[in-house]
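Asks: The following block contains the structure, expressed as structure tokens.
Please treat every number below as a calculation from the coordinates, not as lab data. All values reported here derive from a predicted model rather than from experimental measurement. Heads up, the Cβs are rebuilt from the backbone with ideal geometry, glycines too, and the neighbour counts pull from every protein chain shown.
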Amino acid sequence: MNRTRRAPGTLCVLLAVAALFAVVSIAEPEAPDETADARQRMVRDQIESRGVEDARVLAAMSKVPRHELVPAEMRPHAYSDRPLPIGLRQTISQPYIVAYMTEQLKLEAGDRVLEVGTGSGYQAAVLAQMGAEVWSIEIVPELAQRAARDLARIGYDEVHVREGDGYRGWPEHAPFDAIIITAAPPRVPQPLVEQLAVGGRMVLPVGENYQELVLIERTEKGVERSRLIPVRFVPMTGEVRRGGE
Ligand code: SAH
């Protein structure tokens, strides 16, 4: 009697232990993502703490894997509070500046956005993560190719990347609800202002040794321009340097 009772009891314990293992392995299908913690800290300590409030910008930046878009040797610094070299004498902007500029665009899902200066593709990924349709132009061929490849690899394959001089924009897809330039021209490129939709916003660094972010808003009445904060970007090259207007 005892034996027949104990046997099912032991079986029950074994089944319970097996079930527990099964539950634990379902609950933890993969290693915890340490980069998610790094992104949360980046958003809280570098971005929110400096006054960026747009919840959609904060959400996008807590999702986009910045470490996947920097060169391998820079990965340990991907979430640091600074710009990083991405090769070919170019840089990926400091996370706070990406957040600040993106917030200025006041994006809505489905907005059409032009970026000049794809670089690593990080800014383009943040815009895409916010639901924008993104066209991005990069003048250094190797960077354009690398960004297009990296963006596709991490799932942002809907971003349109083109190699070329962004000075004349991308007229086939104009007008844009927002335009962001991430290299500094000596003055605002007029062809880009013309590709801005009425109600659209453009943000860009302007200047040479001293640069500041400028916000251009196109309204029914015309174009309004305001000065934001001092910044330091790589120079915009190409036609804008040849005295084009
Ligand atoms: N938005 C980028 C930052 C890139 S740095 C990122 O998130 O990583 C600025 C980039 O602008 C550089 O890659 C540089 O090659 C590019 N650039 C400079 N002048 C340009 C031009 N006239 N047209 C397009 N890209 C340009």
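Asks: If I ask for residues that are touching an Asp or Glu at 6+ places or on another chain (Cβ under 6 Å) and either within 14 Å of residue 115 (Cα to Cα) or not in a strand (DSSP E or B) (or both), which ones from the stretch 198-217 would you list?
Replies: 200, 201
Asks: Restricting attention to the stretch 34-77, which residues are among the acidic types (Asp, Glu) and more than 18 Å from residue 153 (Cα to Cα)?
Replies: First, the residues of the stretch 34-77 that are among the acidic types (Asp, Glu): 34, 37, 45, 48, 53-54, 68, 73.
34, 37, 45, 48, 53, 54, 73 - these are the residues of the stretch 34-77 that are among the acidic types (Asp, Glu) and more than 18 Å from residue 153 (Cα to Cα).
Asks: Against the conditions (1) free of Cβ contacts under 8 Å to residues at least 12 places away in the same chain; (2) under 24 Å from residue 100 (Cα atoms); (3) under 21 Å from the mean Cα position of the chain (by Cα), where does residue 209 fall short? Just the number, please.
Replies: Looking at each condition in turn, residue 209 falls short on (3).
Asks: Additional query: Among the residues in the stretch 51-67, are any buried (at least 16 other Cβ atoms within 10 Å of the Cβ), within 12 Å of the ligand (Cβ to nearest atom), part of a strand (DSSP E or B) and among the hydrophobic types (A, V, I, L, M, F, W, C)?
Replies: Within the stretch 51-67, not a single residue is buried (at least 16 other Cβ atoms within 10 Å of the Cβ), within 12 Å of the ligand (Cβ to nearest atom), part of a strand (DSSP E or B) and among the hydrophobic types (A, V, I, L, M, F, W, C).
Asks: Name the pairs whose Cβ atoms lie under 8 Å apart, with the first residue in the stretch 121-148 and assigned to a loop (DSSP other than H, G, I, E, B), the second of a type in the set (S, T, N, Q) and crowded, with 23+ Cβ neighbours inside 10 Å, and 6 or more positions between them or separate chains?
Replies: 121/136; 130/102
Asks: Against the condition away from the ligand (no atom under 14 Å from the Cβ), surrounded by 19 or more Cβ atoms within 10 Å (Cβ to Cβ) and either farther than 22 Å from residue 59 by Cα or among the basic types (Lys, Arg) (or both), how does residue 200 come out, does it pass? Give the derivation first.
Replies: Details: away from the ligand (no atom under 14 Å from the Cβ): yes; surrounded by 19 or more Cβ atoms within 10 Å (Cβ to Cβ): yes; either farther than 22 Å from residue 59 by Cα or among the basic types (Lys, Arg) (or both): yes.
Against the criterion (away from the ligand (no atom under 14 Å from the Cβ), surrounded by 19 or more Cβ atoms within 10 Å (Cβ to Cβ) and either farther than 22 Å from residue 59 by Cα or among the basic types (Lys, Arg) (or both)), residue 200 qualifies.
Asks: So, one more: Which one is nearest to the chain's Cα centre (by Cα) among residues in the stretch 106-133 that are within 7 Å of the ligand (Cβ to nearest atom) and over 19 Å from residue 195 (Cβ atoms)?
Replies: Per the criteria, the residue is 122.
Asks: Further question on the same structure: Output the residue which, of all residues in the stretch 178-197 that are under 18 Å from residue 139 (Cα atoms) and part of a strand (DSSP E or B), is farthest from the ligand (Cβ to nearest atom).
Replies: Among those that are under 18 Å from residue 139 (Cα atoms) and part of a strand (DSSP E or B), it is 179.
Asks: Residues in the stretch 82-105 that are in a loop (DSSP other than H, G, I, E, B), more than 7 Å from the ligand (Cβ to nearest atom) and under 15 Å from the mean Cα position of the chain (by Cα): how many?
Replies: Within the stretch 82-105, residues that are in a loop (DSSP other than H, G, I, E, B), more than 7 Å from the ligand (Cβ to nearest atom) and under 15 Å from the mean Cα position of the chain (by Cα) number 4.
Asks: Now for a separate question. For the stretch 135-167, which residues satisfy the criterion of being of a type in the set (Val, Ile, Thr) and either out of contact with any strand residue (DSSP E or B) (no Cβ under 9 Å at 6 or more places or on another chain) or near the ligand (Cβ under 8 Å from one of its atoms) (or both)?
Replies: To start, the set of residues in the stretch 135-167 that are of a type in the set (Val, Ile, Thr) comprises 137, 139-140, 154, 159, 161.
Selection gives 137, 139, 140, 154.
Asks: For residues in the stretch 218-245 being within 14 Å of the ligand (Cβ to nearest atom) and in a strand (DSSP E or B), which is nearest to residue 181 (Cα to Cα)?
Replies: Only one residue tops the list, namely 235.
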